[in-house]
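The values are calculated or read from the model by the stated rules, or taken from the named source; none is laboratory data. In this text the structure is predicted, and so the values were computed from the model without any measurement. For neighbour counting, all protein chains shown are included, and Cβ atoms are generated from backbone atoms with ideal geometry for every residue, glycine included.
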Number of protein chains: 2
Amino acid sequence: MRSEYCGVLNASFIDQEVTLCGWVDRRRDHGGVIFIDLRDRDGVVQVVFDPDAKENFALADKVRGEYVLQVTGKVRARAAAAVNPNMNTGEIEVYGTALTILNEAETIPFPLDSYANVGEDIRLKYRFLDLRRQDMQKALRFRSKVTSAIRNYLDTNGFLDIETPILTRATPEGARDYLVPSRTHDGKFFALPQSPQLFKQLLMVSGFDRYYQIAKCFRDEDLRADRQPEFTQIDIETSFMSQEQIMSITEGMIREVFKDLKGVEFGELPRMPFSEAITKYGSDKPDLRIPLQLVDIKDLVTEVDFKVFAGPANDPKSRVTALKVPGGNDKLTRKQIDEYTKFVGIYGAKGLAYIKVNDKSDLEEGLQSPIVKNLPLPVRAAILERVNAENGDLIFFGADRHKVVTEALGALRCKLGADLDLYTAEWAPLWVVDFPMFEEDDKGNWSALHHPFTAPSCSPEELSANPGAALSQAYDLVLNGTELGGGSVRIHTSSMQQTVFGLLGIEEDEQREKFGFLLDALKYGAPPHGGLAFGLDRLIMLMTGAASIRDVIAFPKTQSAACVMTDAPGIVDELQLRELHIRLRKKEQAAAAQAAE
Amino acid sequence: MRSEYCGVLNASFIDQEVTLCGWVDRRRDHGGVIFIDLRDRDGVVQVVFDPDAKENFALADKVRGEYVLQVTGKVRARAAAAVNPNMNTGEIEVYGTALTILNEAETIPFPLDSYANVGEDIRLKYRFLDLRRQDMQKALRFRSKVTSAIRNYLDTNGFLDIETPILTRATPEGARDYLVPSRTHDGKFFALPQSPQLFKQLLMVSGFDRYYQIAKCFRDEDLRADRQPEFTQIDIETSFMSQEQIMSITEGMIREVFKDLKGVEFGELPRMPFSEAITKYGSDKPDLRIPLQLVDIKDLVTEVDFKVFAGPANDPKSRVTALKVPGGNDKLTRKQIDEYTKFVGIYGAKGLAYIKVNDKSDLEEGLQSPIVKNLPLPVRAAILERVNAENGDLIFFGADRHKVVTEALGALRCKLGADLDLYTAEWAPLWVVDFPMFEEDDKGNWSALHHPFTAPSCSPEELSANPGAALSQAYDLVLNGTELGGGSVRIHTSSMQQTVFGLLGIEEDEQREKFGFLLDALKYGAPPHGGLAFGLDRLIMLMTGAASIRDVIAFPKTQSAACVMTDAPGIVDELQLRELHIRLRKKEQAAAAQAAE
């Protein structure tokens, strides 16, 4: 029905006849002539109907916003004064010689050219209109290009795209599963996969050597801004490759995608051990665009009378840390400091001590701070020296249990970076490596920092002897403070897997029942293998600079996990429930019946 | 860990040192030397360890089937007598100089080189081993190549890969939905999509112009040999294209895939109206590899005394048809004819009349048949002439309600084709077009032959006036008697959509409740659009010649919709059910409790 997309037209088409299809972006009368901005996937072009062509003019006069048109006409240069340098097609216009109205349109519920005063609820209810906006069009088109580039990279590198099941058994990732009642197996349920983890490992046991899948994954968790009930993962697994090789081939993919689609050359990505990330940045996904660092001062304050510092300083499970903001004296008001005190409270910090360095040569009077009077002069001097303070700097302090200080000051560091726009680079990717195998909960139980299939860097004996000290062969790719992806070399022997299950408190019966097929698979000739998964939604969000993950997903759910457009989830017939061998609990039955009325 | 894949080695590698990783396919001692066939994704190569290299030899001696090895060695030519022309690597072998056992393997539960005596249940339970078989490796690798080729074709043609939700609202395709209870919305349920039909139409309303997705779809139906609870669809939708253009661009895709991956040139696909397919082949997916055709003889037998024929011949809803098997007299025994009589019974036929043409010049004695005595000589002559019978032919007859005759003789035609190996071609693709909009059920209600979003070839007025006569703009691509895919131009105006809903007996309230968002979308400037979906699993099954759809899916379900490997579906905690606001019905509760013990 068309000869060209609207957005591609330019001066090279002048004097050609073209046929276009699209939507009326804008229509206006001007000096007795009708101007229509016609929009399609590729852009907008101006079409002119003048009264000389009576029939067309009459039709064009009926046209309203969002009508769907087919237009034939001749491309001509615009008058010099009418050239619009902000439009790709701004040098030309189409002189319309034929017009067909393919479909009419009622007035749409919100304007497409402005987000002002358009709530996200109405955007999501009329998602099919919201998706007409240029930035939604761009984001989804960009997403399609990224997946295509990723697939090409992986195809070229010998990876096979293999589909794994969506209806499967409860997975051990730890989040809540979405369940699907079985009709043919009374009282039993499928689970939707939180990731294809075990299936991809089994594919390695099968000898497929290199696997990938752009896979839908599901987690029934309460949603945060960057979470959705279903999300998409670039899922990768390989056999006979070392940690180094796996990192190298997947880093190659990310670098290629950024180079081809953003024109950004990352170069070789830096590596940082987990311990350094926690110590210097208070996070296992440090945002290296921000030049601030945490500096531990525990050893400097063990002897002071000030209990807020001395208590944690003498507790092996606690941490005392300084975070210097260069020039912070001028940049931060008292009010902001109060807000930051509240902010670190979210992470459990009981306060936010600080020192303003007015004159570092005068340790008595030159430091302005609610706490400095509690610190002897030599300690003041040592702290200033440790953080390399200059006049005008502001130093924040955290002193509490290790986890609290790390999380609070890590988050404060990022908040300062954003509030004061301290970013020194647009992109800061890195690998975080050398993760511990386990973390200990408050009750002294071990849990897996990654997942229980991650291989340790040591022997089973060393692992059993000192689980807390063991490092894993896991690695995370971090970009601008966001975890883009992570993975590990996997355990490939049944004995090591059982050792790890044992340390995690999973009894043999439970091992057999939940993971019998994995333990079997590891016994029948499992190759050394490992892999990784990237979050596609987050990758696209970062690459497009979208504010929300919902802006890079065609039909996202709301924060309460609903689709306001299709009105999902919905009410279901009693008959269907009966076939599935389930019934609603009483309260819900009543509520559903009411809603159905 | 490797320098080459095993299967790529050939004479060009002679004298090179290589490092290989893989599985022990076979190990044997021969004249004091150990031969190991090492297998990886690409194939098998023979590795030789001789006793001169003591340490390696001792290790190689410990090796058993399916052990995972890393081998370094030098490629050398085999002795002329030892060359194996059946192996890609048969001209060479690797003289092993270093050996590492990467993992041991217990004796696997069934041999990989033969399907004999290996039940599908055990194959599915140990799917990770079953997938090591060469034909499973080939099938999944081929599948990966096909999807890659399809994506490349669609990317090149400007289609955007856009993901649609898996957690959605009940879809109107008519099959049973899989349901997912919502935790955050008491008593409500998501449905897994039977297809992304409405979402892809909405994407057209949004202006994406060309969409595709290789999409997981779900139907909770009782399974046949070629059905799975979850299946994969190549889902396509376009705007501003005519039926002809949509068929042309998707036909191009199928032709390119067959050319590139099977070396088969289809040429332009033939078209056949639905009515012709039903009349001549008794099927809307005719297998054109089989040269047999149905020939209607209704007009010849209206006057005969033989009620079996005359009854249907005088009933407008019935059909009387002949199916000639050339040379069938010799090819088909009495016993086979009895079996075919049973076979057509499956489709409701009450018998299977036939005539053996021994001597067509002798209408009295030359025709051997249980029914011929009921037919006057001129009728006998007319039938023989109509079907163009020759001596030695066998003619089957069907006389019953239209549906029964069509289905029974259509199926018999295919069975004869297979039993007698009548195929005249390896591939017979075609388009079936000009489908009716509706079919009438026994109660006189209309239902949509495709789905209720399919556009008719006529105006709303003509449609309402005579729904039974209306044709749709639908099209199916059929290959070798299997429906590979189908689609249609969609309704793009709200008024036409409401007309069709009305004819289907969907009241306005229900239209609004179930399809309100679609009707809205059609009001706000929907472009003319249409598309199609191909079944990927079936396409791969046909292309690989696999016997079952399960042989082209990595982790399929059994016919009772279970995964015997992971033991899914499984039993679920009471706590989880409580969070989802559901409980098991009593009987199932008891059964589940018992199973949990």
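Things to note:
- Number of the exception - B:Y153 against (1) facing chain A (nearest Cβ under 10 Å); (2) at negative phi; (3) more than 20 Å from the chain's Cα centre (by Cα): (1)
- Sole residue being more than 30 Å from B:A170 (Cα to Cα) and at pLDDT below 95, chosen from A:I491, A:I506, A:I571: A:I506
- Counted residues, the range B:517-545 - those being more than 14 Å from every other protein chain (Cβ to nearest Cβ) and either in a helix (DSSP H, G or I) or surrounded by fewer than 21 Cβ atoms within 10 Å (Cβ to Cβ) (or both): 6
- Selection status of B:P193, facing another protein chain (nearest Cβ under 9 Å) and either more than 22 Å from B:R550 (Cα to Cα) or at pLDDT 95 or above (or both): no
- Given (1) buried (at least 21 other Cβ atoms within 10 Å of the Cβ); (2) touching a Ser or Thr at 6+ places or on another chain (Cβ under 8 Å); (3) among the acidic types (D, E), number of the condition B:E93 does not satisfy: (2)
- Any hit, the range B:584-595, residues being out of contact with any Gly (no Cβ under 7 Å at 6 or more places or on another chain), buried (at least 19 other Cβ atoms within 10 Å of the Cβ) and either at pLDDT below 95 or at the interface with chain A (Cβ under 10 Å from one of its Cβ atoms) (or both): no
- Taking first residues from the range B:532-545 that are free of Cβ contacts under 8 Å to residues at least 12 places away in the same chain and partners that are surrounded by fewer than 20 Cβ atoms within 10 Å (Cβ to Cβ) and not basic (K, R), no Cβ contact under 9 Å between residues at least 6 apart in sequence or on separate chains turns up.
- Residue check for A:D186: modelled with pLDDT under 95 and at the interface with another protein chain (Cβ under 8 Å from one of its Cβ atoms): yes
- On inspection, A:P456 qualifies as modelled with pLDDT of 95 or more and touching a strand residue (DSSP E or B) at 6+ places or on another chain (Cβ under 7 Å).
- Candidate set from the range A:499-510 (those that are in a helix (DSSP H, G or I) and more than 14 Å from every other protein chain (Cβ to nearest Cβ)); member that is farthest from the chain's Cα centre (by Cα): A:E508
- Verdict on A:S114 being out of contact with any Cys (no Cβ under 7 Å at 6 or more places or on another chain), of a type in the set (S, T, Y) and part of a helix (DSSP H, G or I): no
- Filtered residues of the range B:403-419 (kept if surrounded by fewer than 17 Cβ atoms within 10 Å (Cβ to Cβ) and of a type outside the set (G, A, S)): B:K403, B:K415, B:D419
- Any strands (runs of 3 or more DSSP E) falling wholly within the range B:1-106 and containing at least 2 residues that are within 39 Å of the chain's Cα centre (by Cα) and of a type outside the set (D, E): B:17-30, B:33-40, B:43-49, B:68-77
- Qualifying residue in the range B:382-399 (condition: at positive phi, part of a loop (DSSP other than H, G, I, E, B) and not polar (S, T, N, Q)): yes
- For the range B:264-279, a residue qualifies if it is in contact with a strand residue (DSSP E or B) (Cβ under 8 Å, 6 or more places away or on another chain) and either in contact (Cβ under 8 Å) with a residue 60 or more places away in the chain or surrounded by 19 or more Cβ atoms within 10 Å (Cβ to Cβ) (or both), and the qualifying residues are B:F266, B:L269, B:P270, B:R271, B:M272, B:P273, B:F274, B:A277.
- Flag if A:Q46 is polar (S, T, N, Q), over 12 Å from A:A98 (Cα atoms) and touching a strand residue (DSSP E or B) at 6+ places or on another chain (Cβ under 7 Å): yes
- Of the residues making up the range A:17-43, those that are more than 17 Å from A:L99 (Cβ to Cβ) and either surrounded by 14 or more Cβ atoms within 10 Å (Cβ to Cβ) or in contact (Cβ under 8 Å) with a residue 60 or more places away in the chain (or both) are A:R41, A:D42, A:G43.
- Exactly one residue out of A:R227, A:R210 is touching a residue at least 40 places away in the same chain (Cβ under 8 Å) and over 23 Å from the mean Cα position of the chain (by Cα): that is A:R210.
For (1) β-branched (V, I, T); (2) under 20 Å from B:N314 (Cα atoms), each residue gets a yes or a no:
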| site | (1), (2) |
| --- | --- |
| B:T341 | yes, no |
| B:I346 | yes, no |
| B:V357 | yes, no |
| B:Q368 | no, no |
| B:A381 | no, no |
| B:N388 | no, no |
| B:D400 | no, yes |
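- Scanning the range B:156-173 for residues that are without any contact (Cβ under 8 Å) to a residue 40 or more places away in the chain, assigned to a loop (DSSP other than H, G, I, E, B) and more than 7 Å from every other protein chain (Cβ to nearest Cβ) returns a single hit, B:T171.
- Residue within the range B:378-397 that is in contact with a Pro (Cβ under 6 Å, 6 or more places away or on another chain) and either at pLDDT below 95 or not aromatic (F, W, Y) (or both) present: yes
- Remark: B:G187 matches the filter, which requires a residue to be crowded, with 24+ Cβ neighbours inside 10 Å, among the small types (G, A, S) and in a loop (DSSP other than H, G, I, E, B).
- For the range B:566-574, the criterion of being within 11 Å of chain A (Cβ to nearest Cβ), β-branched (V, I, T) and without any contact (Cβ under 8 Å) to a residue 24 or more places away in the chain is met by at least one residue.
- Of the residues contained in the range A:302-313, none is found to be touching a residue at least 60 places away in the same chain (Cβ under 8 Å) and under 31 Å from the mean Cα position of the chain (by Cα).
- If the condition is being closer than 22 Å to B:K331 by Cβ and touching a Lys or Arg at 6+ places or on another chain (Cβ under 7 Å), then the range B:346-389 contributes B:G366, B:L367, B:Q368, B:S369, B:V372, B:L384, B:V387, B:A389.
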